[in-house]
1. Does the range 80-97 contain at least one residue that is out of contact with any helix residue (DSSP H, G or I) (no Cβ under 7 Å at 6 or more places or on another chain), surrounded by 11 or more Cβ atoms within 10 Å (Cβ to Cβ), modelled with pLDDT of 95 or more and in a helix (DSSP H, G or I)?
2. Residues in the range 7-14: is at least one of a type in the set (A, V, I, L, M, F, W, C) and over 26 Å from Ile100 (Cα atoms)?
3. With the requirement that a residue be surrounded by fewer than 16 Cβ atoms within 10 Å (Cβ to Cβ) and within 13 Å of Asn19 (Cα to Cα), what does the range 42-76 give you?
4. Please work out if Lys58 is over 16 Å from Ile77 (Cβ atoms) and outside any helix (DSSP H, G or I).
Amino acid sequence: MKIEYLYLMLAIVFNTSANLVVKGFATKQSETISDLLTNVPLFIAVALFGINFIFYTKALYYLNISIAYPIVVGFSIILILSLSMLLFNERLSLVQSGGIGLIIIGIVMVFWH
């Protein structure tokens with residue numbers, strides 16, 4: 001596997017993880033700003049987004065942004081939707097399921113330009 005795709009995969013994993021942590025702490029969010037700023041999951045999410053940024057930046061050294069961005073965003077959407085169904089009991093409509101299919105088709109079209 002080429003290193004640029006490893007960087008992209010790691011960016012996707014950390015981006016997805018950060019979003020899921022945000023969702024997890026958002027459901028238990030405190031009323032005040034000071035309570036929010038002492039919320040440990042918030043700092044975990046920020047750290048995960050930071051790590052995502054580092055790997056995404058490394059991938060951009062090798063890849064065009066016109067290739068890297070759709071791949072990262074598309075796969076992140078697919079993973080977040082899938083994992084939110086498992087972890088948060090969220091449901092997908094038929095239209096949303098079709099949208100996932102279109103995202104996959106779009107990624108394939110962008111990747112094999």
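The values are calculated or read from the model by the stated rules, or taken from the named source; none is laboratory data. Just so it is clear, the structure is predicted and the values come from calculations on it, not from any experiment. Neighbour counts run over all protein chains shown; Cβ positions are idealised from the backbone, glycine included.
1. no
2. Applying the first criterion (of a type in the set (A, V, I, L, M, F, W, C)) to the range 7-14 yields 8-14.
Applying the additional criterion that residues be over 26 Å from Ile100 (Cα atoms) yields none.
Checking the range 7-14: not a single residue is of a type in the set (A, V, I, L, M, F, W, C) and over 26 Å from Ile100 (Cα atoms).
3. Residues satisfying the conditions are Phe43, Val46, Ala47, Gly50, Val73.
4. Working: over 16 Å from Ile77 (Cβ atoms): yes; outside any helix (DSSP H, G or I): no.
It is false that Lys58 is over 16 Å from Ile77 (Cβ atoms) and outside any helix (DSSP H, G or I).
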